[in-house]
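Worksheet: the structure to be examined is printed underneath.
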Amino acid sequence: MKKDLRLDRFEIRLSGLGGQGILTLGRIMGQALALEHGYQVAQTQSYGPEARGGASRCDLVISSQRISYPKTISLDLLVALGQEACNKYFAHLKPEGFLLVDTFHVTQTPTNIFWGLPFTQMARKVGLVQTANIVALGALTHFLPFMHASAVRKSLREILPAKIMEINQKAFNAGLNRAKKEYQDAPEKWKFF
């Protein structure tokens, strides 16, 4: 069982291509962290002209205290579901920050130190390629030592329509279980806690 951790300020950028469900991913994470975990959360997003295939993003600032500035300054975690997003946003990652990529779409990482899983292929195996964002959410639940699976599942049920809940639960479980299997010690790698 994960313990609740005190966070001074933790910055996440979720990024990918327009249409990959980046904003939905951010909304589910934000709700889980704020309402279920009790953190202060500020969310900003970019969905202008990028929403039609270019790099899009959703940023989360998470803290145990009030957040004085809601935008990201220096990322602790960059999640890249597309090559263009990885290339565009990697420079914003702290030197000790972590990169998580969809290895199906991101074939050239700017560093050899990263976590990677084939979220898109995993979503296809679940039965719906559009659930790659939820597969990534499952993996993130393992990687982040302050995010609990039960809270994320509750937010999934509250945000997503009932008619697509079953396949999204499968996608979430696929990401969580694969991340646990391939990256058993990942939550201990964070130096912030």
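Counting only DSSP beta bridges with both residues in the chain, the antiparallel share comes to about 55 percent.
What list do you get for 148, 142 if you sort them by fewest beta carbons within 10 Å?
Working: 148 19, 142 23.
With the fewest neighbours first, 148, 142 line up as 148, 142.
Debye-formula intensities of the range 1-120, expressed as log10 I(q)/I(0) at q = 0.15, 0.20, 0.22 Å⁻¹, are -0.66, -1.12, -1.28 (one equal scatterer per alpha-carbon, no solvent). Exposure proxy for 62, 159, 113: other Cβ atoms within 10 Å of each Cβ, ordered fewest to most, give 113, 159, 62. Dividing the summed helix terms, -39500 (n - 2.57) for each DSSP H run of n ≥ 4, by the number of residues in the chain produces a 222 nm estimate of -10500 deg cm²/dmol to the nearest 500.
Spatial offset of the range 135-149 relative to the range 83-114 amounts to 18 Å, using the alpha carbon center of each. Ordered by the count of other Cβ atoms within 10 Å of each Cβ, fewest first, 46, 56 give 46, 56. Cross-link pairs exceeding 28 Å in C-alpha to C-alpha distance, out of 154/181; 88/163; 125/180; 125/181; 125/154; 71/154, comprise 88/163.
Quick note: the coordinates plus some simple rules give every number you see, no bench work behind them. Everything numeric here is computed off the predicted structure, so don't read it as measured data. Heads up, the Cβs are rebuilt from the backbone with ideal geometry, glycines too, and the neighbour counts pull from every protein chain shown.
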